[in-house]
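Let me begin by presenting the structure, written as structure tokens, before commenting on it.
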Ligand code: FAD
Ligand code: DLZ
Ligand code: SF4
């Protein structure tokens, strides 16, 4: 038996019984249905046909997942509390749940050994699981399936609308994968916002109307809040004790932790924010982290909400005249388009995507990304809000934080680690393509046709951050100039070889070519002086 079982069991743990006769008995007896911390939905494929009399549902809190990066404390509370609430809900539905808590003294702290230990506890060799959402955990489950005498059934992850096969079929033979084309295909195949074969309203995309500059006077509703129950309070205490050194503040934990609460977040978004979602989608306002965004990614990504119900609810709101087409289409494009597309690219690209570094970025992440101790007000605001809320909206992540890491050439490993740690919605399948593809251009343009590099003018246009900044956004060079201004041109100079043939950057290179040698020298020396002042 030891020969066949290439997975190593802890010394104290002996495999109970792997002879075929017993396997057969186990088949009749019970299946171990493993539910991971991001699969918290009764409709998940691993729970389909669950036999409440015989089958055991295993949910386990493990060290490896909690410590793979210094996850934000609020993210840990969200995941553990949602897992515990989901286990309770399953029990109320009459299922048998085996829940392993983080501090259980028998807990081995990783999926493989906890699944094996549970098989032993329940005398079964039959395991059933929905495919994990990321390569690392998928490999652990494949390892169990390939190298042992266990019967492991891995079912498709039905928390998404586009299966791996469908995405691969769409991508097959395409030179470049463009989200807009994928999105239109999804609109048609799922019949979302369609008027026969035409898009509702006559246009596929209303993005041009979604770039309003914020005004101070806009009245922003409060985000969803709930009062923590005993389960969440216990988890908060546990996280405070066990993860004291992790990133982020734990004060005012107000996230939803059950499906019904998450549905409440969605409902509140549709009633109060959707109407303005489109107009202010790209806006950034000091002291207003939540704006008119939906704040549902953290629930979609752990299974408390499913994409189809979100899309249909928002589509319904349009037909009930609750929101205009630019808001509804803009929102649906994010969930039906971007989210599914990003996940498709992640799986199509395989684990090696993580190693890509097309622009050969080698710098270390500045330490102020963890402390918010910087004089660049836009970065200070976005990092402070990230520390407080485990949340920043898309433009903050892309055009402030991401833009800075792109312009200063931070190594993709450092940037990916930071994004995976600090946001409550961060899982590798969604974080990695957004960071390495969308922000850092590390994939050479597979995901985005050009790097989202921008000078201070963009940040000034879309936010009010520059008003309270010690730097002057209107100045291009010198000690008081906005660093984004010279860093932008320095980036274009440094990466000329890789970028100058990109037709979307043609205008920038033509402008660069008109600059005097003195101006170019100033850009480079300001950038060097700035970088030398940064603590990494
Ligand atoms: P809204 O603005 O209300 O948008 C609605 C929904 O659309 C989101 O809930 C989300 O599910 C989906 N969505 C929108 N844009 C994207 C996108 N680019 N990729 C995938 N889904 C999208 N999103 C994550 O869920 N997890 C991450 O780890 C993550 N990391 C990111 C890192 C970077 C550098 C960037 C630029 C974006 C990242 N995003 C990530 C995408 C996006 O920023 C968040 O989904 C969004 O800010 C979540 O807030 P919200 O729910 O209020 O979104
Ligand atoms: C994010 C997370 C954390 C922090 N902890 C756990 C855990 O203890 N147990 C668990 O099943 N899942 C956890 N998760 C979510 C997993 O990271 C996620 O399910 C996998 O990464 C999917 O591949
Ligand atoms: Fe950011 Fe530059 Fe504006 Fe300061 S001036 S907030 S550094 S964009």
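Bear in mind that the values in this text are calculations on the coordinates, not laboratory data. Predicted model, so just to flag it, every value in this text is computed and none were measured. Cβ coordinates were reconstructed from backbone atoms using ideal geometry, including for glycine residues, and neighbour counts include every protein chain displayed.
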Measure out, as a whole number of angstrom, how far apart the alpha-carbon centroids of segment 343-421 and segment 487-527 sit.
23
On average over all directions, what projected area in square nanometres does the chain have, based on the convex hull of its Cα atoms?
26.8
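Between residue 205 and residue 521, take the C-beta separation as r, use R0 = 41 Å, and let me know the FRET efficiency to the nearest 0.05. Present the calculation step by step, with values, prior to reporting the outcome.
Working: r = 42 Å, r/R0 = 1.03.
Using R0 = 41 Å, I get an efficiency of 0.45.
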Ranked from fewest to most other Cβ atoms within 10 Å of their own Cβ, 290, 429 fall in the order 290, 429
Computed from the beta carbon distance with a Förster radius of 25 Å, FRET efficiency for residue 497 and residue 452 to the nearest 0.05 stands at 0.80
What does the convex hull of the alpha-carbon atoms of segment 308-454 project to on average, in nm²?
9.6
Simple label model, 7 Å out from Cα along Cβ direction - residue 220 to residue 470, nm
2.5
Most exposed first by the Cβ proxy, i.e. fewest other Cβ within 10 Å, how do 335, 62 rank?
62, 335
FRET efficiency for residue 63 and residue 153, Cβ-Cβ distance as r, R0 = 30 Å, nearest 0.05?
0.70
Measure off 7 Å from each Cα along the Cα-to-Cβ vector at residue 48 and residue 371, then give the distance between these two points in nanometres to one decimal.
5.2
Percent of Cα-Cα pairs per 10 Å bin, from 0 to the last occupied bin, for segment 82-178, please list those.
12, 33, 35, 13, 7, 0
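Determine the percent antiparallel among the DSSP beta bridges restricted to the chain, to the nearest 5. Walk me through the numbers before you get to the answer.
Numbers: 2 of 21 bridges.
The antiparallel proportion sits near 10 percent.
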When the scattering of segment 178-314 is computed by the Debye formula from its Cα atoms alone, each counted once and equally, what is log10 I(q)/I(0) at q = 0.10, 0.12, 0.14, 0.22 Å⁻¹?
-0.47, -0.66, -0.85, -1.41
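Segment 20-155: D in µm²/s via Stokes-Einstein (Kirkwood Rh, Cα pairs, 10 °C, 1.306 mPa s)? Don't jump to the answer; show the numbers that get you there.
On the way: Rh = 15.2 Å.
For the chosen part, D equals 104 µm²/s.
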Approximate spin-label separation residue 362-residue 531, in nm, with each point projected 7 Å along Cα-to-Cβ
1.0
How many angstrom lie between the Cα centre of segment 438-462 and the Cα centre of segment 225-244?
38
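Using a ≥ b ≥ c from the Cα gyration tensor of segment 368-532 (square roots of the eigenvalues), is it rounded, prolate or oblate, where a/c under 1.5 gives rounded and otherwise the larger of a/b and b/c decides, a/b for prolate?
On the way: a/c = 1.97, a/b = 1.23, b/c = 1.61.
Here segment 368-532 falls in the oblate category.
How large is the helix-only mean residue ellipticity at 222 nm for the chain, computed as the sum of -39500 (n - 2.57) over DSSP H runs with n ≥ 4, divided by its residue count, in deg cm²/dmol to the nearest 500?
Working: 24 runs with 228 residues, N = 536.
Mean residue ellipticity, 222 nm, calculated: -12500 deg cm²/dmol.
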Taking neighbour counts of Cβ atoms within 10 Å as a proxy for exposure, in what order, fewest first, do 512, 40, 266 appear?
512, 266, 40
